[in-house]
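Since the structure comes first, as structure tokens, the remarks are kept for the end.
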Amino acid sequence: MSDLFAKIIAWFESTHVQEQVKDVDVVGLFTNPWFLVPFILVVAYLFYKQGWKDLIIISLFIAVWWVSGTEYMDTLIVNGELQISKILPVLFGGAALLGFVIYMFFGRSD
């Protein structure tokens, strides 16, 4: 089992996804018509079809992406040590967000 996880971690490190996400040019992304036009079409379609759950999930992904690039997230690890006083609000916020998403999919009926 640990061999499987080691292979997954090695693959994840070989793809350099973490660096690619970290180096995204947000202004360039949201001014690029190759991204912006399909994104606006998807959002407009979801408004038309009243896909509120999907719109909320898209908004949450964008919000989490934005929060992950803030100065606060940069200060979570100082000199290679995790700052427990700063990680707890992130942990509880993530748990609340996950609870909200689970409630949206399983707790409500449309």
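Worth a mention:
- When nucleic acids and ligands are ignored and a 1.4 Å probe is applied, residue 84 ends up with an accessible area of around 110 Å².
- Gained length - residue 57 relative to residue 34, 0.36 nm times residue gap less alpha-carbon distance: 6.1 nm
- Förster radius 22 Å - calculated FRET efficiency between residue 16 and residue 72, Cβ distance, rounded to 0.05: 0.35
- Exposed loop sites here are trypsin sites (Lys or Arg not before Pro) assigned a DSSP state other than H, G, I, E or B and surrounded by at most 11 other beta carbons within 10 Å; excluding them, the longest clear run of the chain is 50-107.
- Size of electric dipole in the stretch 1-92: Cβ of Lys, Arg +1 and of Asp, Glu -1, about Cα centre, debye, nearest 20: 420
- Per residue convex hull volume, Cα atoms of the chain, in Å³: 172
- Placing unit charges on the Cβ atoms only, positive for Lys and Arg and negative for Asp and Glu, gives the stretch 42-110 a dipole magnitude near 280 debye about its Cα centre.
- Helix-only arithmetic for the chain: the sum of -39500 (n - 2.57) across DSSP H runs with n ≥ 4, divided by the residue total, places the mean residue ellipticity at 222 nm at -23000 deg cm²/dmol.
- Set of lysines near residue 86 by C-alpha distance (under 22 Å), chain-local residues within fewer than 8 positions excluded: 22
- Legend: calculated FRET efficiency, residue 6 to residue 82, from the Cβ-Cβ distance at R0 = 25 Å, rounded to 0.05, equals 0.65.
- Calculated diffusion of the stretch 34-84, Stokes-Einstein form, Kirkwood radius summed over Cα pairs, 25 °C and 0.890 mPa s, µm²/s: 185
The values are calculated or read from the model by the stated rules, or taken from the named source; none is laboratory data. The shown structure was predicted, so the numbers you read here are calculated from the model rather than taken from an experiment. With ideal geometry, Cβ positions are generated from the backbone for all residues, glycine too; neighbour counts draw on all protein chains shown. Keep in mind that these areas ignore ligands, DNA and RNA; they rest on the heavy atoms of the full protein, side chains included. Shrake-Rupley method; radii C 1.70, N 1.55, O 1.52, S 1.80 Å.
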